[in-house]
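This report concerns only the one structure given below.
The values are calculated or read from the model by the stated rules, or taken from the named source; none is laboratory data. Being a predicted model, the structure only gives us computed values, none of them experimental. So basically every Cβ, Gly included, is an ideal-geometry build from the backbone, and we count neighbours across all protein chains shown. Calculation scope for accessible area: heavy atoms of the full protein, side chains included, ligands and nucleic acids excluded. Shrake-Rupley method; radii C 1.70, N 1.55, O 1.52, S 1.80 Å.
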Amino acid sequence: CDSVRGCSVFIVQPTCPPVNDHLVELLLLISAARRASAASVTAVVPYYGYARQDRKDRSRVPISAADVARMMEAMGVDRVVCVDLHCAQIQGFFGPTTPVDNLFAAPIAVNYFNMKGLESPVIVSPDAGGVARAKLFMEGFSRLENPPEVSLAVILKQRAAAGVVASMHLVGDVSNCDCIIVDDMIDTAGTLCAAANELKSFGARRVFAFATHGLFSGPAPDRIEQCVLEEVVVANTVPLRPDVRERTRKIRQLSIGKLVYSAIRGIHYGTSVSALFEVNIAADLIA
């Protein structure tokens, strides 16, 4: 093994399923680097496992996102780099001595969709909680060199029970428009496919979807293949399983390799990484 004494160590490890295996590997790698006298240890975690459990929504449950942060700090991590955290507040689960850089894949996706020649594009949030994310995605188009006219729409859901959507209502006009549903992750794709079918029933011309993290659990690939979605675009923060590729051909992965490389380079040389959030340089980050 090569010596890392006095070196700046960057450990790239997404904590995607199987989450516990990858999380323990990450913790042991941080510990090993720290015990080997590395000058600094930065954990690059493209997908932050347990991110959705960021609050205590009922009695006697852990706040797992905070506990993961505490474990990483206990192992001696100096800095953390993530991509599109489920909630930006997760950065606050780390102490002031452990800075967190939350990178965004949306600028890369904006440039990708801009090359598809969309007609009257509408950015759609699949729920009320994602309006801010969809609004930022829409504003990304306005910073392009020749910006198209883009509008915003929101789907409001009423649930009959946990995981069961009773009804959906659309706020906005999508008639004869190309729609892009924007979310942070796709798990079982139930909400996504229901939203796509709803948009089509309201007269949408074509329906696309973008999410940074594509988990595609359980029936997700079959649902995507059978619904009206023309293409589902995700970043490669989570490896795409072979069975997912076999069950649907509608999924397209965009590489964030150049984005992560640029962040690592900026951290190592002490330069700003905020420029990576700008749409006007994101075209250079499409791999």
**0 to 90° range, to nearest 10: angle between helix 19-35 axis and the chain longest Cα axis** = 30
**Item:** Under 5 Å, built H, 5+ apart or other chain: amide partners of residue 38
**Value:** 6
**Message:** I want to check the label-to-label distance for residue 245 and residue 19. Put each point 7 Å from Cα in the C-beta direction and report it in nm to one decimal.
**Reply:** 2.6
**Message:** Give me a comma-separated list of calculated 3J(HN,Hα) values for segment 128-145, in order, Karplus coefficients 6.51, -1.76, 1.60 applied at θ = phi - 60°, integers in Hz, x for any Gly or Pro.
**Reply:** 5, x, x, 4, 4, 5, 5, 5, 5, 5, 5, 5, x, 5, 5, 9, 6, 5
**Message:** Helix 190-201 against the longest principal axis of the chain: what's the angle in degrees, Cα atoms only, rounded to the nearest 10?
**Reply:** 30
**Item:** Greater than 26 Å apart at Cα, pairs in 116/250; 200/250; 135/200; 200/258; 56/250
**Value:** 200/258; 56/250
**Request:** Divide by every residue of the chain the summed helix terms, -39500 (n - 2.57) for each DSSP H run of at least 4, and state the resulting mean residue ellipticity at 222 nm, rounded to the nearest 500 deg cm²/dmol.
**Result:** -9500 deg cm²/dmol
**Request:** Report the charge-dipole magnitude of the chain in Debye, nearest 20, computed about the Cα centre from +1 at each Lys and Arg Cβ and -1 at each Asp and Glu Cβ.
**Result:** 480
**Prompt:** So what are the radius of gyration and Dmax for the Cα set of segment 192-268, in Å?
**Reply:** 14.9, 50
**Fill in**
Per residue, the convex hull enclosing the alpha carbons of segment 93-136 has a volume in Å³ of 94
**Asked** How large is Rg over Rh for segment 138-220, taking Rg from the Cα atoms and Rh as the Kirkwood inverse mean of 1/r across Cα pairs?
**Response** 1.00
**Among [x] 29.9; [y] 16.2; [z] 25.8, the entry derived from the coordinates for mean projected area of the Cα convex hull in nm²** = [y]
**Request:** First compute the accessible area of the chain with a 1.4 Å probe, then give the percent of it belonging to carbon and sulfur atoms.
**Result:** 51
